[in-house]
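Shown next, in structure tokens, is the structure this report addresses.
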Amino acid sequence: QTTILTINRDHPDERAVETAGRALREGKLVIFPTETVYGLGASAYDAAAAAAIYRAKGRPSDNPLIVHIADIADLPLVAREVPPEAMRLFEACSPGPLTVVLKKSDRIPDAVSAGLDTVAVRIPSHPTARAIIRAAGVPIAAPSANLSGKPSPTRAGHIIREMDGRVDYIVAGEDCDVGVESTVVTLAVAPPRLLRPGGVTLAQLEEILGPVETDQAVMHAISAGAVISSPGMKYRHYAPASPVAIVEGSGAMEYIRAHLTPDIGVLCFDGEQELFAGAKRAIPYGDPARPETLAHNLFDALRAVDEDRYELVYARAPEPQGVGLAVYNRLLKAAGHTVIDAPEVTE
Ligand code: TXA
Ligand code: MG
């Protein structure tokens with residue numbers, strides 16, 4: 001039995017915040033909004049509660065959870081060591097869409113870290129998330145609140161449809177601003193390595209840390225036998241019901257238009273819908289000149305794609321730069337790394 005609480009970001013209902021906080025402290029499961037995506041939270045000190053997260057999501061138990069705290073001052077509760085570069089990173093980019101992998105404190109059970117000796121830590125900026133974490137009084141382990149294999153939820157409607165009956169509380173709030181999951185960078189290796197691109201860009205990280213390596217898995221399919229730096233990488237996150245292919249290059253529009261049939265879907269940019277009138281459906285998801293708009297709408301658009309069946313869905317993708325890298329990375333996963341390069345058409 002799930003209780004749904006509604007909390008407004010700017011005018012929070014204090015009693016609802018207190019209810020959600022107490023539930024978390026007592027080992028219950030609470031879904032709440034963050035600035036990236038909705039999270040499925042439980043006390044990060046409670047191994048049984050962490051195990052319940054994996055069950056509720058149908059998540060493989062070797063994929064560790066991100067631990068959320070409200071303040072930099074709480075870092076020592078979750079990390080054994082907080083190196084100076086971690087402090088600089090958190091001071092520059094937190095609260096916000098950034099997760100940093102550090103050496104794990106003994107207080108964090110193996111169920112949270114999936115047996116690794118590191119822990120992923122994030123300080124979200126969303127006021128509702130922060131208020132709930134503070135009210136709980138314990139660090140909160142929270143993966144994205146989707147069923148394993150589905151796109152991360154960015155709208156209250158997504159979670160109510162998918163998770164009602166699977167958790168104790170759902171805190172329904174506004175749409176998530178960023179729309180893709182946080183940037184994950186590990187400081188457990190030298191040089192630091194970008195494991196997952198998100199709202200904090202590689203350029204921002206490098207400004208603070210100096211050179212940061214981008215893990216192979218960000219842009220490339222993982223080959224059999226490869227060393228995996230972040231367990232989440234090896235899972236095909238979003239398995240849309242229909243096959244998806246990214247079409248890129250200056251001839252992308254012409255290529256898609258030449259291949260339209262009433263069984264084809266298109267994930268397109270704003271203003272392109274009429275040009276794809278021959279498709280079963282064209283779903284616009286933002287403006288490529290402002291990749292943050294694409295990030296904001298991507299998962300909602302992928303869920304819209306799943307409302308129908310298509311022979312193939314062609315996806316328009318932004319340049320893999322800045323926040324566009326996060327969008328491109330999620331599209332690659334949705335497409336199972338199928339990319340069609342469409343060079344300029346010459347008459
Ligand atoms: O924006 C977000 O990060 C959201 C919200 C709810 O905060 N959370 C989220 O969690 O996206 P999740 O569980 O869906 O993704 C966590 C990612 C996975 O790819 C996992 O493998 C990686 O972080 N991760 C967690 N702990 C790690 C560790 N110790 N070392 C390397 N990667 C880790
Ligand atoms: Mg996830």
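The values are calculated or read from the model by the stated rules, or taken from the named source; none is laboratory data. Quick caveat, the model's predicted, so the values are computed rather than measured. We place every Cβ from the backbone using ideal geometry, glycine too, and count neighbours over all the protein chains shown. In case anyone asks, the SASA skips ligands and DNA or RNA and just uses the protein heavy atoms, side chains included. Shrake-Rupley method; radii C 1.70, N 1.55, O 1.52, S 1.80 Å.
What to note about this one:
- Residue count for region 261-291, restricted to those that are assigned to a helix (DSSP H, G or I) and surrounded by 19 or more Cβ atoms within 10 Å (Cβ to Cβ): 2
- Which listed residue is in contact with a strand residue (DSSP E or B) (Cβ under 7 Å, 6 or more places away or on another chain), surrounded by fewer than 21 Cβ atoms within 10 Å (Cβ to Cβ) and under 21 Å from S148 (Cα atoms), from D168, D175: D168
- Qualifying residue in region 123-143 (condition: among the hydrophobic types (A, V, I, L, M, F, W, C), in a loop (DSSP other than H, G, I, E, B), within 11 Å of ligand 1 (Cβ to nearest atom) and open to solvent by 30 Å² or more (accessible area, probe 1.4 Å)): no
- Candidate set from region 62-93 (those that are open to solvent by 60 Å² or more (accessible area, probe 1.4 Å) and within 15 Å of ligand 1 (Cβ to nearest atom)); member that is farthest from V112 (Cα to Cα): E81
- Filter result (surrounded by fewer than 20 Cβ atoms within 10 Å (Cβ to Cβ), under 23 Å from P197 (Cβ atoms) and not polar (S, T, N, Q)) within region 334-347: G336, H337, V339, I340, D341
- Pairs where the first residue, in region 137-151, is over 18 Å from V180 (Cβ atoms) and the second is part of a loop (DSSP other than H, G, I, E, B) and near ligand 1 (Cβ under 9 Å from one of its atoms), C-beta under 8 Å, 6+ apart: A141/L65
- Unique match (being more than 15 Å from ligand 2 (Cβ to nearest atom), in a loop (DSSP other than H, G, I, E, B) and in contact (Cβ under 8 Å) with a residue 24 or more places away in the chain) among V189, V178, V185, V171: V189
- Which listed residue, of R107, R59, R22, R55, is more than 16 Å from T186 (Cβ to Cβ), at pLDDT 95 or above and in a loop (DSSP other than H, G, I, E, B): R107
- Scanning region 24-46 for residues that are open to solvent by 50 Å² or more (accessible area, probe 1.4 Å) and of a type in the set (A, V, I, L, M) yields nothing.
- Of the criteria (1) within 12 Å of ligand 1 (Cβ to nearest atom); (2) crowded, with 20+ Cβ neighbours inside 10 Å; (3) under 16 Å from the mean Cα position of the chain (by Cα); (4) modelled with pLDDT of 95 or more, which one A217 fails: (4)
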